[in-house]
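Undergrad: Structure in structure tokens, see below.
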Amino acid sequence: MGARTGYKHFMPASEDVDTRVRAAMFAHLDRLRLAHPDGIPSSVINTFVFDGQPIRLVVQPGIWKPARLAAALTIRTTWTPEGGQAPYEDRVGPDGSLRYKWRGTDPDQADNRALREAMARNAPLAYFYPVARSVYAAIYPVYLVDEDRQAHEFAVHLMEPPAGVTVTWDGESHLDRRYVRRLTLHRLHQVVFRPRVLRAYDSQCALCRLRHAPLLDAAHIIPDSRGGEPVVPNGLAMCKIHHAAYDTNIIGIRPDRVVEVRVDVLAEIDGPMLRHGLQEMHGSTISLPRARRDHPDPTRLEQRYEQFRAAA
């Protein structure tokens, strides 16, 4: 899922510095997301310039309030290597919100006061979630909606509910909490799914080896609509043509990672795109990520291949 744009709809009309900084930051991140679909390096995120002055957006402590602002501007979750222990455990709470830990345990610590001020102002922040070391998916705008001082954490709202759906944060409606929790997890997982899959495949299509990242998608082996998990072993990096062909069962991938093209499509006569882009894929083997843990899951491939055979 992408970021919400149109920042003017989420802030007062006044053109104060805080409003302009956040609007400029979101425009900056819009450009970077298009240029870096496999995740944005922190060094690139920190090229943000406002009114001729550079402003860092990703900082080591994880919570950032520039000196000229009264409230926090960005938050970040720390990258944890495979099997490592995160210094802060960000999680989704029972009310459906992401729980973001204070810095330390002192409620009057400067960063915690900056977050509290952002909550009081209903100020939108950018949230940087790691997809690799020093590489992030940008989720924005997000809002701080509650604080649990005993647990030393804030509740972060990652998405806007669809029109007509009422969401409560006071714990009165179990259905609403369950709904918001599902949407929060879905948004968080889907935002990081594409960059993690693309990075696993070195930003090239697993079928044709096209290396232009803006033209690549993260295809689900088992579709999201059928309960497919947004994890790398359930993903394949594909160019947009092959992704569409895979989703519509024009091509299938066997459990042994060999590509098949539907029989009727093999028999067609058309231009070079059909011949080189689809028909010549028949019988080829997909490329694999370097890390074995990122290889496509054979059980998922087999399940999806049976769907292709049924359609054929």
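The numbers here are math on the coordinates, done by the rules we state, and not lab data. Note that this is a predicted model, so its numbers are computed, not measured. Cβ placement follows ideal geometry from the backbone for every residue including glycine, while neighbour counts extend to all protein chains displayed.
Undergrad: Counting other Cβ atoms within 10 Å, keep those with at most 14, restrict to DSSP loop, and tell me which trypsin sites (Lys or Arg not before Pro) in the range 262-299 are left.
TA: The qualifying sites are 290.
Undergrad: Can you grab the distance from the C-alpha centre of the range 135-150 to the C-alpha centre of the range 287-308, Å, no decimals?
TA: Centre-to-centre (Cα) distance: 34 Å.
Undergrad: Give the peptides 190-196, 67-73, 233-239 in descending order of average Cβ contacts within 10 Å, highest first.
TA: 233-239, 190-196, 67-73
Undergrad: Ok, one more. Between the range 183-247 and the range 66-82, how many Å separate their Cα centres?
TA: After rounding, the separation between the Cα centres reads 27 Å.
Undergrad: Which of the three applies to the range 202-311, rounded, prolate or oblate, going by the alpha-carbon gyration tensor with a ≥ b ≥ c and a/c under 1.5 meaning rounded?
TA: Oblate, because a/c is 1.5 or more while a/b does not exceed b/c.
Undergrad: Dipole of the range 202-311, Cα-centred, from +1 at each Lys and Arg C-beta and -1 at each Asp and Glu C-beta, to the nearest 20 debye?
TA: Value, rounded to 20: 300 debye.
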